[in-house]
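**Q** One structure, pasted below without further comment.
The values are calculated or read from the model by the stated rules, or taken from the named source; none is laboratory data. Please read all numbers here as calculations on a predicted model, not as lab measurements. Don't worry about glycine lacking a Cβ; one is built from the backbone with ideal geometry, like all the others, and counts go over all protein chains shown.
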Amino acid sequence: MKSQSIPCELVMERLWTFIDRELDTASEAEVREHLRMCGRCYPRYDFQQAYFRLMRRLTTEPAPSELRSRVFRTLLAETG
């Protein structure tokens with residue numbers, strides 16, 4: 001029996017930690033599976049992944065976690 005996919009809201013909450021590869025193995029697998037199947041979440045992931053790669057090229061220091069959280073909350077509010 002196939003397990004039910006986690007909800008989009010939970011994927012969006014975990015997205016930056018997923019991109020940063022900071023999730024535990026089980027959570028990472030859940031997010032990856034959801035993104036593979038969800039046409040709503042994958043484009044957001046794809047955009048944020050591209051943004052993250054750009055930021056890595058532009059700076060040698062990571063953004064403070066509070067800044068990342070504020071940016072993520074703003075993106076969620078705008079797309080919600």
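**Q** Just to verify a result, which residue in region 19-51, among those that are under 22 Å from Arg68 (Cα atoms) and of a type in the set (A, V, I, L, M, F, W, C), is nearest to the chain's Cα centre (by Cα)?
**A** Filtering region 19-51 for residues that are under 22 Å from Arg68 (Cα atoms) and of a type in the set (A, V, I, L, M, F, W, C), the one nearest to the chain's Cα centre (by Cα) comes out as Ile19.
**Q** Mind listing whichever residues of region 66-80 are at pLDDT below 90 and under 14 Å from Arg14 (Cα atoms)?
**A** Hits for region 66-80 are Arg68, Phe72, Leu75, Leu76.
**Q** Oh, and also: Under 9 Å by Cβ, and 6 or more places apart or on different chains, what pairs join a residue from region 46-65 that is within 19 Å of Val31 (Cβ to Cβ) with one that is acidic (Asp, Glu)?
**A** Within 9 Å, the pairs are Phe52/Asp20.
**Q** Further question: Do we have Ser5 as over 11 Å from the mean Cα position of the chain (by Cα), surrounded by 13 or more Cβ atoms within 10 Å (Cβ to Cβ) and modelled with pLDDT of 95 or more here? Break it down into steps so the answer makes sense when it comes.
**A** Numbers: over 11 Å from the mean Cα position of the chain (by Cα): yes; surrounded by 13 or more Cβ atoms within 10 Å (Cβ to Cβ): yes; modelled with pLDDT of 95 or more: no.
The answer is no for Ser5.
**Q** Please specify each residue of region 41-67 satisfying the condition of being basic (Lys, Arg) and either exposed (fewer than 12 other Cβ atoms within 10 Å of the Cβ) or over 23 Å from Ile6 (Cβ atoms) (or both).
**A** Quick first cut of region 41-67, residues basic (Lys, Arg) only: 44, 53, 56-57.
Answer for region 41-67, where residues must be basic (Lys, Arg) and either exposed (fewer than 12 other Cβ atoms within 10 Å of the Cβ) or over 23 Å from Ile6 (Cβ atoms) (or both): Arg53, Arg56, Arg57.
**Q** Also, quick follow-up: State whether the residues of region 17-37 include one that is modelled with pLDDT of 95 or more, in a helix (DSSP H, G or I) and among the hydroxyl-bearing types (Ser, Thr, Tyr).
**A** Yes, because at least one residue in region 17-37 is modelled with pLDDT of 95 or more, in a helix (DSSP H, G or I) and among the hydroxyl-bearing types (Ser, Thr, Tyr).
**Q** Checking the condition free of Cβ contacts under 8 Å to residues at least 24 places away in the same chain, on the phi > 0 side of the Ramachandran plot and surrounded by fewer than 16 Cβ atoms within 10 Å (Cβ to Cβ), which residue from Arg70, Arg32, Arg21 passes? Give the steps one after another, and end with the answer.
**A** On the way: Arg70 fails: on the phi > 0 side of the Ramachandran plot; Arg32 fails: on the phi > 0 side of the Ramachandran plot.
Matching residue, one of Arg70, Arg32, Arg21: Arg21.
**Q** Given the conditions (1) more than 11 Å from the chain's Cα centre (by Cα); (2) surrounded by 13 or more Cβ atoms within 10 Å (Cβ to Cβ), report the number of the one that Trp16 does not fulfil.
**A** Failing condition for Trp16: (1).
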